[in-house]
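Working notes for the structure below.
All of the numbers you see were taken from the coordinates with simple rules; none came from a lab. Not measured: the values here are computed from a predicted model. Backbone-built Cβ (ideal geometry, glycine too); neighbour counts: all protein chains shown.
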Amino acid sequence: MDPFQNPYMSLPGITPEEIGFLQQATNGLNENQQRYFFMVYSGRRKSPQDMLIFCLVGCFLVPGLQRFIIGQIGMGILYLFTAGLCFIGSIIDLVNHKSLAMEFNKKVAYESFQIAQMGNQAPIQ
């Protein structure tokens with residue numbers, strides 16, 4: 001990848017902390033693997049703005065929606081049956097929507113790294 005054209009800057013709602021994390025995470029990948037990583041990662045990540053919308057819908061319409069979206073099915077079911085833990089959990093998620101998005105994106109980055117490493121290896125000669 002060209003060091004002067006950072007493809008991560010095109011991702012919506014990306015923070016400097018996330019860019020630093022992604023640059024560290026892809027440090028050991030070759031150029032083709034980095035492109036593959038970016039393709040997989042950008043398709044699965046959640047921006048903080050999207051997470052804010054999911055938290056608002058989870059707070060007022062479908063309790064636990066934000067937890068289902070980020071793959072925490074057990075917590076989503078708990079929120080669903082307890083009305084967002086009596087709205088307290090939903091309000092906490094609303095306040096912490098950026099950290100929920102970052103936590104999910106770190107998990108997605110790790111999985112994307114593994115996929116890029118396995119799926120796009122150089123041929124053995």
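For every helix of n ≥ 4 consecutive DSSP H residues, a contribution of -39,500 (n - 2.57) applies; sum these over the chain, divide by its total residues, and give [θ] at 222 nm rounded to the nearest 500 deg cm²/dmol.
The helix-only estimate for the chain comes to -20500 deg cm²/dmol at 222 nm.
Rank Gln66, Tyr8, Gln23 by how far each Cα sits towards the positive end of the charge dipole of the stretch 1-79 (+1 on Lys, Arg Cβ; -1 on Asp, Glu Cβ) and give me just the farthest.
Value: Gln66.
Which distance in nm do the two modelled labels at Gln49 and Leu61 give, with both placed 7 Å along the Cα-to-Cβ direction?
Here the modelled spin labels are 1.9 nm apart.
Taking the mean number of other Cβ atoms within 10 Å as a proxy for protection, how do you rank 82-92, 58-68, 23-33 from highest to lowest?
Values: 82-92: 16.4, 58-68: 20.4, 23-33: 14.0.
With the highest mean Cβ count within 10 Å placed first, the list reads 58-68, 82-92, 23-33.
Please state the relative contact order of the stretch 31-119 as a whole percent: Cα pairs under 8 Å, 6+ residues apart? Provide the component values of the computation, followed by the final result.
Numbers: 84 pairs, mean separation 33.7, N = 89.
Taking the mean separation of contacting Cα pairs over the length of the stretch 31-119, I get 38 percent.
What's the percent breakdown of Cα-Cα distances in the chain across 5 Å bins, shortest bin first?
Histogram of Cα-Cα distances, whole percents per bin: 2, 12, 19, 19, 14, 12, 10, 7, 4, 2, 1, 0, 0.
Quick one: dipole size for the chain, taken about the Cα centre, charges +1 on Lys/Arg Cβ and -1 on Asp/Glu Cβ, in debye to the nearest 20. Don't jump to the answer; show the numbers that get you there.
Values: 8 positive and 8 negative charges, 43 e Å.
It works out to roughly 200 debye.
Between Asn32 and Ala83, what is 0.36 nm times their sequence separation minus the Cα-Cα distance? Round to one decimal in nm. Can you show the working numbers first?
On the way: separation 51, 0.36 × 51 = 18.36 nm, distance 4.60 nm.
Gain on extension, Asn32 to Ala83, equals 13.8 nm.
Taking the chain as the reference, fit the longest principal axis to its C-alpha atoms, fit the long axis of helix 97-119 to the helix C-alpha atoms, and give the angle between the two in degrees, 0 to 90, nearest 10.
30 degrees
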